[in-house]
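Quick notes on the structure that follows.
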Amino acid sequence: MFLSNTLSHSLTLLDAGIVAVLGYVVVFFGLILLMLVVMAMGKAFRAKDGARNPKAPAAPAVPAVPASPAAPAGSAPAAPAAPAQTAPGSAGRIKLHDVPPKTAAMLMAIVADKMGKPLNELRFISIKEVK
């Protein structure tokens, strides 16, 4: 009834305001529904992916401890050295074979970029130059 009245007569400022507000309400309601559908689908896909690839708790990486020089004869055996602390998000130490650290860092960044994964989700065990 409201719309039929407004179409047959000229719109007043109040009528135009009401029509505009109702239009905004309908559009935002549709956007909110679309947002809820997308969020629900995202959760469903994440749950489906998690069920397909269950992650086993990984054992913490133990960094390599350099060998200590031989203890002098007659001395008590030394207690094992505490492992060095690693940076948060790192996966332990990496062995570099004839590769400078700068080159290794560039290679790891390139591999992470090509795989589309963050660098802290990848674990590099060793890097060796092929001659």
Any residue at all in the range 50-64 that's loosely packed, with under 10 Cβ neighbours inside 10 Å, in a helix (DSSP H, G or I), modelled with pLDDT of 90 or more and among the hydrophobic types (A, V, I, L, M, F, W, C)? no
Cβ-Cβ under 6 Å pairs, at least 6 apart or on other chains, the range 102-130 side in a loop (DSSP other than H, G, I, E, B), far side of a type in the set (Gly, Ala, Ser): Leu122/Ala112; Arg123/Ala91
Answer yes or no as to whether Gly17 is at pLDDT 90 or above and open to solvent by less than 80 Å² (accessible area, probe 1.4 Å). yes
Please enumerate the residues belonging to the range 111-125 that are within 15 Å of Lys95 (Cα to Cα) and open to solvent by 60 Å² or more (accessible area, probe 1.4 Å). Arg123, Ile125
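Given the criteria modelled with pLDDT of 85 or more and exposed (fewer than 12 other Cβ atoms within 10 Å of the Cβ), does Pro101 qualify?
yes
The values are calculated or read from the model by the stated rules, or taken from the named source; none is laboratory data. On a predicted model such as this, the values are computed, not experimentally measured, just so you know. With ideal geometry, Cβ positions are generated from the backbone for all residues, glycine too; neighbour counts draw on all protein chains shown. We work out accessible area using only protein heavy atoms, side chains counted, and drop any ligands, DNA or RNA first. Shrake-Rupley method; radii C 1.70, N 1.55, O 1.52, S 1.80 Å.
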